Amino acid sequence: MNNPNSDSSNKEFICLMAAIMSLAALSIDTMLPALGQMTTDLNILDPNDSQLIISAVFLGMSLGLMLYGPLSDAYGRKKIIYLGISIYLIGTLISIFATDLSFMLIGRVIQGFGVASCRVVSLAMVRDKFHGPEMGKIMSLITVVFIIVPALAPSIGQAILLFAQWRLIFWFIFAYGVASLMWLHYRQGETLAKDKHLTFSLSTISAGIVETLRHTQALGYTVSLGLIFGSFVAYLSTAQQILQDQYMLGDLFSIYFGALALALGFASFANSKLIAIFGMEKLSFYALITITFVSLIFYLYVFSNEGQLSLNLFLLYLTIAFFCLGLLFGNLNALALEPFGHIAGVATSVISSIQTFFAVLVGGIIGQLYDGTVAPLIGGFLVCGVLTLTIFVSVRRPKVQKIN
């Protein structure tokens, strides 16, 4: 086991946490190029139903996020990641051997339930080892992976499809999960000292839920992020149908998808600089205004053009929208968690669970409206933008008025 104080140990820790956190993105984005093939093999009659293969993972995550934080506080970080990844691997095996959509969705929900541990507990492990500016630096380095993984994952899936069927993609992510588990087991010690373990109690979770729901401002930010995240889930669910089928990009789909993902990454980098100038509230407000206004302009254009939009204009729209989303994801999440420093672990689980549940619900509705044009997706971004902006202004009205 590495010396916890060495630079090489810190570098390995960063890589390990990034690898574990990226398991969720890998499980979603590698599947995108295969959705067409899976639609045929699983006898899915309505192509829109293939979107459920993506959204089912988010549904499972929304169910699991609530539990893993308090469990890791009580029993230690590593044990709970062991548990979560083991559940994830079971779900992966079910998906591998699925012969119809129903069993596939069961497997994907179980995958999501298990992989939720990677998101919650990995953040807790970072908090255990680092504090203050050093923690911020470590998290920034880990975040780089979230720029790379969504950009590369579809290409990995596409490369596998050149030589094999879609089931091999699931075997790939199964092997990745096992490798991550072994890496954690042999190279990383427990980060939560035994004297800091807390008693696991359903009353603790219940109290966290009640306190979160009673805090109007935090609840507003939580629902806001869930709504705007829902528009992104809708994009993930329909990306293959729109880019690969509608715009006939074929094997180039993964390249275009990856390039668009870089807009989110660039926004995450820019956010750290812009916050110092505008602050989280103003920056979030400006981002919401931009994404809502741009969505309105593009939707009116698409509506007047019978749902049609050139590929270049659609890519321009998505680039602007994703940059705004990149600003909103971090800032709204931080604003929602701000009042709960005394119950940070439980509050993180509660807020993440509520956000993800709203995102699955909203993303599923928008995705099922897909009609062979980009109008439902852009319209979904517009509606989510208006609703989010309305909630944001209502909970932050005094501060928003100051910018005028």
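The values are calculated or read from the model by the stated rules, or taken from the named source; none is laboratory data. None of these values were measured; they are calculated from a predicted model. All Cβ positions, glycine included, derive from the backbone under ideal geometry; neighbour counts span all protein chains shown.
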- prompt: Within the range 190-230, restricting attention to residues that are part of a helix (DSSP H, G or I) and of a type in the set (D, E, K, R), which residue is surrounded by the fewest Cβ atoms within 10 Å (Cβ to Cβ)?
  reply: ASP195
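Conditions (1) more than 15 Å from LEU35 (Cα to Cα); (2) within 20 Å of the chain's Cα centre (by Cα); (3) aliphatic (A, V, I, L, M), marked per residue:
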residue: ARG214; (1), (2), (3): yes, no, no
residue: GLY226; (1), (2), (3): yes, yes, no
residue: GLN244; (1), (2), (3): no, no, no
residue: TYR247; (1), (2), (3): yes, no, no
residue: PHE269; (1), (2), (3): yes, yes, no
residue: LEU274; (1), (2), (3): yes, no, yes
residue: PHE278; (1), (2), (3): yes, no, no
query: Is there any pair with a first residue in the range 96-113 that is in the same structural domain as ALA34 (by TED's automatic domain parsing) and a second that is of a type in the set (D, E, K, R) whose Cβ atoms are under 6 Å apart and which are 6 or more apart or on different chains, and what are they?
result: ILE96/ARG167
Flag for ALA261 being surrounded by fewer than 15 Cβ atoms within 10 Å (Cβ to Cβ), part of a helix (DSSP H, G or I) and under 20 Å from the mean Cα position of the chain (by Cα): no
query: In this structure, does MET17 turn out to be farther than 24 Å from GLY363 by Cβ and among the aliphatic types (A, V, I, L, M)?
result: yes
task: Could you name every one of the helices (runs of 4 or more DSSP H) located completely within the range 1-100 that has at least 1 residues being closer than 21 Å to SER353 by Cα?
output: 7-29, 52-75, 77-96
query: Has the range 146-163 got at least one residue that is surrounded by 21 or more Cβ atoms within 10 Å (Cβ to Cβ), over 20 Å from the mean Cα position of the chain (by Cα), at pLDDT 95 or above and within 23 Å of ASP49 (Cα to Cα)?
result: no
message: Of everything in the range 170-200, what is β-branched (Val, Ile, Thr) and within 24 Å of the chain's Cα centre (by Cα)? Give them in sequence order.
response: ILE173, VAL178
field: Members of the range 66-84 that are closer than 26 Å to GLN51 by Cβ and surrounded by fewer than 24 Cβ atoms within 10 Å (Cβ to Cβ)
entry: MET66
- request: Answer yes or no: is there a residue in the range 281-290 that is at pLDDT 85 or above, among the aliphatic types (A, V, I, L, M), surrounded by 21 or more Cβ atoms within 10 Å (Cβ to Cβ) and within 13 Å of ILE378 (Cβ to Cβ).
  value: no
statement: Checked PHE298, PHE303, PHE329 against criteria (part of a helix (DSSP H, G or I), at negative phi, loosely packed, with under 15 Cβ neighbours inside 10 Å and in the same structural domain as SER231 (by TED's automatic domain parsing)); the one match is PHE303
